[in-house]
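Chemist: One structure follows; several queries about it will come next.
The values are calculated or read from the model by the stated rules, or taken from the named source; none is laboratory data. As the structure is a computational prediction, the values presented were derived from the model and not from experiment. Note that each Cβ is placed from the backbone with ideal geometry, even for glycine, and that neighbours are counted across all protein chains shown.
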Amino acid sequence: MRVLLVGAGGVGTAVTRIAARRSFLGHMVVADYDLSRAEAAVAALGASAGGRFSAARVDASDREAVTALLERERCDVLLNATDPRFVMPLFEAALAAGTHYLDMAMSLSRPHPERPHEECGVKLGDAQFERAAEWERSGRLALVGIGVEPGLSDVFARYAAEELFDTVEEIGVRDGANLTVDGYDFAPSFSIWTTIEECLNPPVVWEADRGWFTTPPFSEPEVFDFPEGIGPVECVNVEHEEVLLIPRWVDARRVTFKYGLGEEFIRTLKELHRVGLDRTEPVTLPDGTRVSPRDVVAACLPDPATLGDRMRGKTCAGTWVKGTRDGAPREVYLYHVVDNEWSMREYGSQAVVWQTAVNPVVALELLATGAWTGSGVLGAEALDPRPFLDLLTAYGSPWGLREQ
């Protein structure tokens, strides 16, 4: 398999380190707007690269340039490791080049102009699903939302519905951690641009008798007890792709996504919103310079990829499912925990970016071997979950199941 990886940030760099250990990969072109960053990701692999990695410069917003790079490098698939702003040009470039496509976040949403906290406007992924028929005709697969959340959490949902339950009342993705960063009062472990987008947009909930609807940000707080020593964390509703993906392929009465943000993190995000620093539209400075406030916030904070040596603790991603089995009530939590000390020691990548990166590499291997096949625009829950979970364990990163 020949892969074009676009984005050599924390997640993209972790992808290279994981893929370098797997034999399915023929060649990976690591491309970034900043060529030096792509070159650094390749150079860091050293002998493990085996000549299978090269660096290139590309502007992820330039569909024609990405298409040309895919064709020139004879790539089979484009793996998008950029932030959601670049989903559509990369998605369209892969379609134009006749390659498969994978991403870890879907096309952006827009709140309802009049009732943002009651009704959906443009939903996450709508722009991609509008092109599904074209992808089906092409015979190529756009596998969307195949990180950890969305991604592994969706695999868990399909697995639970198929093998653990007869009927499913609710599927709730629950994400929490006990990570700390030495020397920083506020240092998000993932892209602040994406975090602001997810947390300040109206969260979406699915109910079978209502369809998709929205609530105010940070709604329905609950305390969820996370495994492997993380413990109780308060979680709140957050806009996330699983709620838009799972109901398309899994029969459930209700689907939610709740994130363990913590009181201080929520307070900081609310303050950014209050003063307009969450805005993506450029503002004009007195000297005439135009700049996006959210980009300024991101530039003022440390790069999450550089925080691994200062981070302590574990991160947990998982899917809680409630329903019935053999006529009796049942609740389970399927989960995946990564200890930052382990991921730094084994891969030199901090826990959150490594946990995100491992899942698209597993998916690439399943596509390369033919264990996963398909065409059109699909989420992970549209495919057989067992090969994915087995291969994730074979990567040395097992998942767990806890009866609630």
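Chemist: Could we say that VAL30 is touching a strand residue (DSSP E or B) at 6+ places or on another chain (Cβ under 8 Å), in a strand (DSSP E or B) and either over 17 Å from ALA305 (Cβ atoms) or not assigned by TED's automatic domain parsing to the domain that holds MET344 (or both) here?
Modeler: In short, yes.
Chemist: Out of all the residues in segment 1-41, which are polar (S, T, N, Q) and in contact with a helix residue (DSSP H, G or I) (Cβ under 6 Å, 6 or more places away or on another chain)?
Modeler: Within segment 1-41, THR13, THR16 meet the criteria.
Chemist: Continuing with this model, one more query. Looking only at segment 63-81, filter to residues that are touching a helix residue (DSSP H, G or I) at 6+ places or on another chain (Cβ under 7 Å) and not in a helix (DSSP H, G or I); which one of those is farthest from MET104 (Cα to Cα)?
Modeler: My answer is VAL77.
Chemist: Which residue pairs have Cβ atoms closer than 9 Å, lie 6 or more positions apart in sequence or on different chains, and pair a first residue in segment 58-69 that is among the polar types (S, T, N, Q) with a second residue that is at pLDDT 95 or above and in a loop (DSSP other than H, G, I, E, B)?
Modeler: SER61/TYR33
Chemist: Hey, another quick one. When MET106 is evaluated against the numbered criteria (1) farther than 21 Å from ARG294 by Cα; (2) in a loop (DSSP other than H, G, I, E, B), which criterion, by number, is the only one it fails?
Modeler: Of the numbered conditions (1) farther than 21 Å from ARG294 by Cα; (2) in a loop (DSSP other than H, G, I, E, B), the odd one out for MET106 is (1).
Chemist: While we're looking at this one, here's another question. For segment 337-395, how many residues meet the condition of being at positive phi and in the same structural domain as GLU241 (by TED's automatic domain parsing)?
Modeler: 1
Chemist: Related question: Go over the candidates THR194, THR284 one by one and state the one that is among the β-branched types (Val, Ile, Thr) and more than 19 Å from ASP175 (Cβ to Cβ).
Modeler: THR284
Chemist: Here's something else I'd like to know. Test each condition in (1) free of Cβ contacts under 8 Å to residues at least 60 places away in the same chain; (2) in contact with a strand residue (DSSP E or B) (Cβ under 9 Å, 6 or more places away or on another chain) for ALA157 and report the one that comes out false.
Modeler: Here ALA157 meets the rest and fails (1).
Chemist: Here is a list of conditions, (1) more than 16 Å from the chain's Cα centre (by Cα); (2) over 19 Å from PRO227 (Cβ atoms); (3) buried (at least 23 other Cβ atoms within 10 Å of the Cβ), and SER343 meets all of them except one; can you say which number that is?
Modeler: Among (1) more than 16 Å from the chain's Cα centre (by Cα); (2) over 19 Å from PRO227 (Cβ atoms); (3) buried (at least 23 other Cβ atoms within 10 Å of the Cβ), the lone unmet condition for SER343 is (2).
Chemist: For residues that are surrounded by fewer than 21 Cβ atoms within 10 Å (Cβ to Cβ) and acidic (Asp, Glu), scanning just segment 13-57, find the one that is farthest from THR369 (Cα to Cα).
Modeler: Per the stated criteria, the residue is ASP34.
Chemist: Shifting gears a bit: From the list ALA160, ALA133, ALA142, which residue is crowded, with 22+ Cβ neighbours inside 10 Å, in a helix (DSSP H, G or I) and either small (Gly, Ala, Ser) or on the phi > 0 side of the Ramachandran plot (or both)?
Modeler: None of the other options fit; the residue is ALA160.
Chemist: Just the residues that are buried (at least 17 other Cβ atoms within 10 Å of the Cβ), at pLDDT 95 or above and more than 19 Å from the chain's Cα centre (by Cα), please, taken from segment 177-212.
Modeler: TRP206
Chemist: Where residues in segment 320-379 are part of a strand (DSSP E or B) and of a type in the set (Lys, Arg), which of them is nearest to ASP309 (Cα to Cα)?
Modeler: The residue in question is LYS322.
Chemist: A follow-up question, please. Mind listing just one residue for me: the one in segment 87-114 that is touching a strand residue (DSSP E or B) at 6+ places or on another chain (Cβ under 9 Å) and free of Cβ contacts under 8 Å to residues at least 24 places away in the same chain and, of those, surrounded by the most Cβ atoms within 10 Å (Cβ to Cβ)?
Modeler: SER107
Chemist: Something else about it: Looking at (1) touching a strand residue (DSSP E or B) at 6+ places or on another chain (Cβ under 6 Å); (2) free of Cβ contacts under 8 Å to residues at least 40 places away in the same chain; (3) among the hydrophobic types (A, V, I, L, M, F, W, C), which is the one condition that is false for ALA380?
Modeler: Just one mismatch for ALA380, condition (2).
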